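Data first, discussion second: the structure below is written as structure tokens.
The values are calculated or read from the model by the stated rules, or taken from the named source; none is laboratory data. Small disclaimer: the values here were computed from a predicted structure and weren't measured. Quick reminder, even Gly has a Cβ in these numbers, built from the backbone with ideal geometry, and neighbours come from all protein chains shown.
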Amino acid sequence: MIKLWVVGIQLAELFVSSMVHLFFGLYIFSTAVASDVSFALIECFRPNISTGVVKQEESKNVEGLPPIVLVHGIFGFGKGRLGGFSYFGGAEKRDERVLVPDLGSLTSVYDRARELFYYLKGGQVDYGEEHSEACRHLQFGRIYEQGNYPEWDEDHPIHFVGHSAGAQVVRFLQQMLADKSFAGHESTSENWVLSITSLSGAFNGSTRTYLDGMQPEDGRSLKPISLLQLCRLGVIVYDWLDIAWLKGYYNFGFDHFNISWKKVGLSGLVDCLLGNTGPFASADWILPDLTVQGSLRLNSHISTFPSTFYFSYATKRTRKIMGITVPSTLFGIHPFLFIRVLQMSQWCHPPDATIPYKGYKDADWQDNDGALNTISMTYPRIPVEHPSRFVVNDSECHPLLPGIWLVSSYHVLLPPLPYLGITICYKEANNLLKKWGKKETEEDVVDCRYYKIVEADHIFFIVNRERAGVQFDLMYDSIFERCRKHVFRTNPTLPNQTQH
């Protein structure tokens, strides 16, 4: 009887979660459509008045500016998708040279990193022969006849700003550049990336993946009944139907798996649904990369490079009351995320499952923003901690130092909550600082290890600018100003130190 009661509760929770996600997706989609229809009607009925004088637009000289590239997260989209709707809430309009690539919204970190390279450099996306064979998809994908920054090289580096999984995508891309992983581009290096700024970055995985349906035992397979199983079925049918105008409006990014009805027919659909073929069969999609185990696998091959500037903004919507972690507010959390904030704050790794890494503690992973755990967003921590330094005010880190993750508090949107203390990798941080001629004792570093976190949920600084208000403008202006005024590569640079 008790078992049936538990199953009933789980099914009810699954129904509520699926409805919340479905309605939120429909809300975004309908908002984009309504905006496009409204714009079209205005243009249609706009009086065509000509005064005989053509006003020339003011030209802006942006040739000397390295682009700032905004990289979206899971279920995200770039410029050109969803009509005129902006994933970054219009932040791209706040600087003279900002690019917003459209990458696969559910494709793996590896595939998205490859797509991002060719979006910028130009050419046909090459996923790599070995990877494509292992994951059973086409080796070549979309063609960019003209790259969005074809001059990209070590002398013309780029600033990247990644939200959520987008931050991990950029890190993987930089590692690929260092490893010279792109055929026909043997001169790539890690120095093609000038800076990486992470907004709620998915560096170390998320316990939400297990709540949504990933198996905590391996971090790769799906539970038989879960929200992600429903998502999987919906995505397969969506891609199989292959409705051109609909996929032009929004695309999950699995075109290289070639599962359209035109290619595989009804039998191909059945194979995908049964899990025999497609991205979900090979685990070549984003969710396995966002588990703690998946992030550990990725981080094992990604370095923090000494000539690149790294910045990180962590978020949370939890607080402790009598030692128990609970949501910090009732009305400040988006309804889309409230249930998950509560569930993630109480998450416990199954006692019969192997812990994802040595030293794992449930208590470290309780603070969260509804999608990611706060500890995951600070800087790469597993399987080893990367050099880092925590700052309360941006003025504390001028002049800026490359090769260290600077974790910024920025602004606290609610009254200050208890600080989060995180151990600093003293040896690596001090070595880097000393090589730049700045002496800093362990005691000095300890003073920086407590920091205030941005009080915001996971989608506070994207999609809806009005929701964040003035804080939205202040944060993006601060990021863009730092890229333009304070981040410059000078010689000599530090020797490359690979983290393994």
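One residue stands out in the stretch 84-97 among those that are surrounded by 22 or more Cβ atoms within 10 Å (Cβ to Cβ) and among the hydrophobic types (A, V, I, L, M, F, W, C): the one that is farthest from residue 464 (Cα to Cα), namely 91. All of 168, 146, 174 fail the test of being surrounded by 22 or more Cβ atoms within 10 Å (Cβ to Cβ) and within 16 Å of residue 119 (Cβ to Cβ), apart from 174. Of the listed requirements (1) over 25 Å from residue 278 (Cα atoms); (2) surrounded by fewer than 23 Cβ atoms within 10 Å (Cβ to Cβ), residue 139 misses just one: (1).
Restricting the stretch 62-83 to residues that are touching an Asp or Glu at 6+ places or on another chain (Cβ under 7 Å) and in contact (Cβ under 8 Å) with a residue 60 or more places away in the chain leaves a set whose member that is surrounded by the fewest Cβ atoms within 10 Å (Cβ to Cβ) is 65. Condition check: on the phi > 0 side of the Ramachandran plot, within 12 Å of the chain's Cα centre (by Cα) and assigned to a loop (DSSP other than H, G, I, E, B). Does residue 205 satisfy that? When the stated conditions are applied, residue 205 passes them.
Scanning the stretch 244-272 for residues that are out of contact with any helix residue (DSSP H, G or I) (no Cβ under 6 Å at 6 or more places or on another chain), surrounded by 12 or more Cβ atoms within 10 Å (Cβ to Cβ) and closer than 25 Å to residue 76 by Cα yields 246, 247, 249, 250, 251, 253, 255, 256, 258, 260. For the stretch 366-478, the helices (runs of 4 or more DSSP H) that sit wholly inside it and include 3 or more residues that are modelled with pLDDT under 90 and not hydroxyl-bearing (Ser, Thr, Tyr) are 426-435, 442-446, 465-468. When residue 280 is tested against (1) of a type in the set (Phe, Trp, Tyr); (2) in contact with a Ser or Thr (Cβ under 7 Å, 6 or more places away or on another chain); (3) modelled with pLDDT of 95 or more, exactly one condition is not met: (2). Residues in the stretch 118-137 that are more than 23 Å from the chain's Cα centre (by Cα), part of a loop (DSSP other than H, G, I, E, B) and not basic (Lys, Arg): 137 alone.
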